[in-house]
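Colleague: I'd like to ask some things about the structure below.
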Amino acid sequence: MSSDTADTPPATVEDATVPAALPSGLAVLTGFVKNFPQKPGVYRMINAAGDVLYVGKAKNLKKRVSSYLQIERMPMRLQRMVFDTHVCEVVITHTEAEALLLESNLIKQLKPRYNILLRDDKSFPYIMIPGGHDYPRIVKHRGARTKGNEYFGPFASAGAVNGTLATLQKVFLLRSCNDTVFANRSRPCLLYQIKRCSAPCVGLISREDYAELQHEAREFLTGDSRAVQTELARRMDEAAATQQYEAAATFRDRIRAMTSVQAHQDINIMNLGEADVIALHRAGGSSCVQVFFFRGGQNFGNRAYFPSHAADDSDGDILEAFIGQFYDSFTPPKDILLNGPTPNQDILAEALTMKAGCAVNIAVPQRGDRKQLVDHAEINAREALLRRMAENTAQRKLLEGVAEVFTLAAPPERIEVYDNSHISGTNMVGAMIVAGPGGAMKNAYRKFNIKTVDLAPGDDYGAMREVLTRRFARAQKEDPERKLGQWPDLVLLDGGLGQLNAGLKVLADLGISDLCVAGIAKGPDRNAGREQFFMPGREPFTLPHNHPVLYFLQRLRDEAHRFAITAHRAKRSKAIGQSLLDEVTGIGAARKKALLRHFGSARDVAAAGLKDLSLVPGINAATAKKIYDHFHPDG
């Protein structure tokens, strides 16, 4: 077994590599960004010497890194950074807030050259309640901490702090003015008039009552705010029931701000101490081992390795060989967390204990925060492997393989994939995605609102006939000579023999006989990896599970499925004017109400993390997972 970066200490982290033959950093980013996920995370730019140039966070990694391709719009300093970039590495996170926290951790450790504007230990603001005052105020704070004051945070942004302070003022009526203003007031200020302060400056609240408000605010900031949220939810319901909608909206905004304060973060686990989290993911005959380094409870980053191994090697054998070689160059930590067991785990732990000079524990967590960390590492291993396979397998070679599989005369320049989406036949939508030598051609994607009046609910064949009829009738009209690049070389239908026959009939009715049409259907029990392919004049066939063309076609099919579902959801939400929560299977009126009372809006429910969802009354772990998966179909 070998690793592309096995002799590098954990101080520098990596998630992907790119061939050194690329001429410049702009070409590096152009190649990488095609396969970046549209998920929140952190990206790092590294030069040819291995020095980290820049660490940045993103709500959408693909969009954020794509912005660096517009080189002419950037200042000269950032242009130099882009052209010096030799490798671009990413790690995905559950939320943008997690990405921000991880970005801060990496900047403190790596001190990248182009992050000079960020100040150490001042990246995140806090809320402070000063000590030594009968009526302490509540304020935003940055910088060093002083003994005797209470600090709550860190917060992801100044906006989050300001919003929380506004909520604290509305809910708990604590003062925000400085001590000089407080001591010299003779009448209440405007904040009292708009019900954002209890006016302790002029004695309109007793010391004891103010202390009680302060205690409740402290409980809220430390996450013990269930009673406060319940009371606000009750008042929101009362206001809505009496048609006081403005007041109800105010209560909703308070609940929303509270939820943002209490959001749980999976990046930093305070009781973890010194540990490495190692996860293996295999696909298409290849594997990736992702290693996350935790020191002092902080995530110090990650690195991906792509070991060479035989196809029949077990996951445990690969992990064991990797760990033995990985820790040959540096001291192992006290804890090593794996996503699967190794054959000789006790012996491996004993060997590492001898090397470290202290006890080294190797464990496979089954539950709790540590299991979440392992799952998070496995997700990143999967994403890194997907990018690796996409980057290392040239698109043209894949298209040559497609031509061989479907007996085309030449590699296809345009592949069109079709799928339908509906729920019990309602709001049916057809979708077409397009791919070519440059990858996905998203500007050519099309959705089709099914218009056939007499179509039976759930008639997928009828929907496919309408989609293909509209598509190719238009192509015949707009590009009859097939010179504008609108005609595909391969039409791939998501479905089996029935869908294929429906498509062939449409083309026959239109007088089109020279297109290659195939159907792709999942195997028994809808098992991905055992797909069957259907073509006219051929028996149904399959491809080996590690065949790169199978992996390529699976991704095309999954992209068509994703695009169809997205179009269907948008149509359904617009048509019925209901909440996004109505689309989640198994969420009835009671659970929907509980979610809205806890988070304030359906949009905030959609953005919530798995742990936050499970804290809602009436939402168990299985239901929380169902809700999270619905709004995060890519994991």
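No value in this document is a laboratory result; all are computed from the given coordinates. This structure is a prediction, so every number in the text was calculated from the model and none was measured. Counting neighbours? That spans all protein chains shown, and the Cβs are built from the backbone with ideal geometry, glycine included.
Colleague: Where in the range 468-507 is the amide nitrogen less than 15 Å from a point lying 7 Å along the Cα-to-Cβ axis of Thr452?
Modeller: 468-473, 498-507, by backbone N distance to the label point.
Colleague: Let me ask something additional. How much FRET efficiency would the formula 1/(1 + (r/R0)^6) give for Ala409 and Ala321, where r is the Cβ-Cβ distance and R0 is 51 Å, rounded to 0.05? Show your work: numbers first, answer last.
Modeller: On the way: r = 45 Å, r/R0 = 0.88.
E(calc), rounded to 0.05, equals 0.70.
Colleague: To continue, here is another question. Please state the relative contact order of the range 126-222 as a whole percent: Cα pairs under 8 Å, 6+ residues apart?
Modeller: That works out to 26 percent.
Colleague: I need Leu191, Leu543 ordered by Cβ neighbour count within 10 Å, fewest first.
Modeller: In order of increasing Cβ crowding within 10 Å: Leu191, Leu543.
Colleague: When we measure straight from the Cα of Lys355, which lysines land under 28 angstrom away, once same-chain ones fewer than 8 places off are left out?
Modeller: Lys334, Lys371
Colleague: Let me ask something else about it. Do any of Lys34/Lys447; Lys59/Lys140; Lys111/Lys625; Lys63/Lys505; Lys39/Lys593; Lys397/Lys625 go past 30 Å between their Cα atoms, and which?
Modeller: Over 30 Å Cα-Cα: Lys111/Lys625; Lys63/Lys505; Lys397/Lys625.
Colleague: Right, here's the next one. Once both labels are modelled 7 Å past Cα along the beta-carbon direction, what's the Phe83-Ala363 spacing in nm?
Modeller: 5.2
Colleague: I'd like the trypsin sites (Lys or Arg not before Pro) in the range 317-407 restricted to DSSP loop residues with at most 10 other Cβ atoms within 10 Å, sorted by number.
Modeller: Filter output for the range 317-407: Arg367.
Colleague: Something else about it: Using mean Cβ contacts within 10 Å as the protection proxy, how do 602-613, 73-84 order, highest first? Don't jump to the answer; show the numbers that get you there.
Modeller: Numbers: 602-613: 19.2, 73-84: 14.1.
Taking the mean over residues of other Cβ atoms within 10 Å, the ranking is 602-613, 73-84.
Colleague: Let me ask something else about it. Rank these for me by crowding, Ile619, Ile71, Ile138, going from fewest to most other beta carbons within 10 Å.
Modeller: In order of increasing Cβ crowding within 10 Å: Ile71, Ile619, Ile138.
Colleague: I would also like to ask the following. What is the calculated FRET efficiency for Ile194 to Ala622, with r their C-beta to C-beta distance and R₀ = 30 Å, to the nearest 0.05?
Modeller: With R0 = 30 Å, the Cβ-Cβ based efficiency is 0.10.
Colleague: If you don't mind, there's one more thing I want to ask. Calculate the spin-label point distance for Glu231 paired with Asn47, positioning each point 7 Å from the Cα along the beta-carbon direction, and give it in nanometres.
Modeller: Roughly 5.8 nm, to one decimal.
Colleague: Enter the Cα centre distance for the pair the range 450-471 and the range 473-509, rounded to the nearest angstrom.
Modeller: Between the Cα centres of the range 450-471 and the range 473-509 lies a distance of 15 Å.
Colleague: Could you check the simple spin-label distance between Cys177 and Asp509, using points 7 Å along Cα→Cβ, in nm with one decimal?
Modeller: 7.8
Colleague: Sort Leu398, Leu510 by Cβ crowding within 10 Å, fewest neighbours at the top.
Modeller: Leu510, Leu398
Colleague: How do the peptides 406-412, 461-467 rank, highest first, by the average count of neighbouring beta carbon atoms within 10 Å per residue?
Modeller: On the way: 406-412: 14.3, 461-467: 21.9.
Those peptides, ordered most packed to least, come out 461-467, 406-412.
Colleague: Additional query: Quick one: which of 39-46, 236-243 comes out on top by average Cβ neighbours within 10 Å, and what's the full order, highest first? All intermediate terms of the calculation are to be shown ahead of the outcome.
Modeller: Values: 39-46: 24.9, 236-243: 13.8.
Packing proxy ranking, top to bottom: 39-46, 236-243.
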